[in-house]
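The values are calculated or read from the model by the stated rules, or taken from the named source; none is laboratory data. No experiment lies behind these values; they were computed from the predicted model shown. A quick note on method: Cβ atoms are made from the backbone with ideal geometry, for glycine too, and the neighbour counts reach across all protein chains shown. Ligands, DNA and RNA are stripped out before the accessible areas are found, and what is left, the full protein with its side chains, is counted by its heavy atoms. Shrake-Rupley method; radii C 1.70, N 1.55, O 1.52, S 1.80 Å.
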Amino acid sequence: MVPEQPTGADAVAAAFAATPRSGFLPPEVRDRAAHDGPLALGHGQTSSQPSTVAAMLRLLDVRPGQHVLDVGAGSGWTTALLAHLVGPTGRVRGTEVVPELVSFGAANLARTDRPWASLVAADRDVLGDPGHAPYDRILVSADAPELPRSLVDQLVDGGRMVLPVAGVMLVVDRDGERASVRREGHYRFVPLV
């Protein structure tokens, strides 16, 4: 008998247990991996606070088999967490604008043996990854000045995106051409470039 895959908060806890943050940090800060705060990755970027990442993943409500976009993938940790949540029947595509972090994150992700996930260089002139859209879920780990319609357009009908906008975490659910937006508290992130 195949054990049932955990859902909701249990699925996020299982993803965290299977994907230790330490494997996605530069050597000089790995000993602080359990710290519930952001840690420097270099290049002006950080590994987000674990409790914030967990909250975002719970809001995103990722399901096995889904197609997910991770904008601002950094060290690859969130991409790997998402890959655990979607499982081998899903797909996760992480994008990152800092070339050094693309290499670092892709190498970290490769060590997780989750080949259904990838981390690639983002095109600075294109937000998200419309060439591989539509996505069931989009996670954005950088603060946008306003809700980016171009990312909403990359969601499937019924899809969901979680992102900070002007310091407020938003949950965006697409319903046809419309999107409903729910506010979920204040957070601080690096700016979305």
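So residue 68 clears everything in (1) crowded, with 22+ Cβ neighbours inside 10 Å; (2) among the β-branched types (Val, Ile, Thr); (3) farther than 22 Å from residue 169 by Cβ except one condition, right? Which one?
(3)
Are any residues in the range 138-177 among the charged types (D, E, K, R) and modelled with pLDDT under 90, and if so, which ones?
Residues satisfying the conditions are 143, 177.
For residues in the range 171-184 being within 19 Å of the chain's Cα centre (by Cα) and in contact (Cβ under 8 Å) with a residue 24 or more places away in the chain, which is surrounded by the fewest Cβ atoms within 10 Å (Cβ to Cβ)?
Here the residue is 181.
Could you tell me whether residue 68 is modelled with pLDDT of 90 or more, part of a strand (DSSP E or B) and out of contact with any Ser or Thr (no Cβ under 7 Å at 6 or more places or on another chain)?
yes
Which condition breaks for residue 15 when tested against (1) open to solvent by less than 50 Å² (accessible area, probe 1.4 Å); (2) assigned to a helix (DSSP H, G or I); (3) small (Gly, Ala, Ser); (4) within 21 Å of residue 169 (Cα to Cα)?
Condition (4) is where residue 15 drops out.
Taking the range 141-163 as the region of interest, how many residues are touching a strand residue (DSSP E or B) at 6+ places or on another chain (Cβ under 7 Å), outside any strand (DSSP E or B) and open to solvent by 50 Å² or more (accessible area, probe 1.4 Å)?
2
Count, please, the residues in the range 18-59 that happen to be assigned to a loop (DSSP other than H, G, I, E, B) and either at pLDDT below 90 or more than 17 Å from residue 83 (Cα to Cα) (or both).
12
Quick check on the range 79-98: of everything there that is in a helix (DSSP H, G or I) and touching a helix residue (DSSP H, G or I) at 6+ places or on another chain (Cβ under 6 Å), which residue is farthest from residue 14 (Cα to Cα)?
Residue satisfying both the conditions and the ranking: 79.
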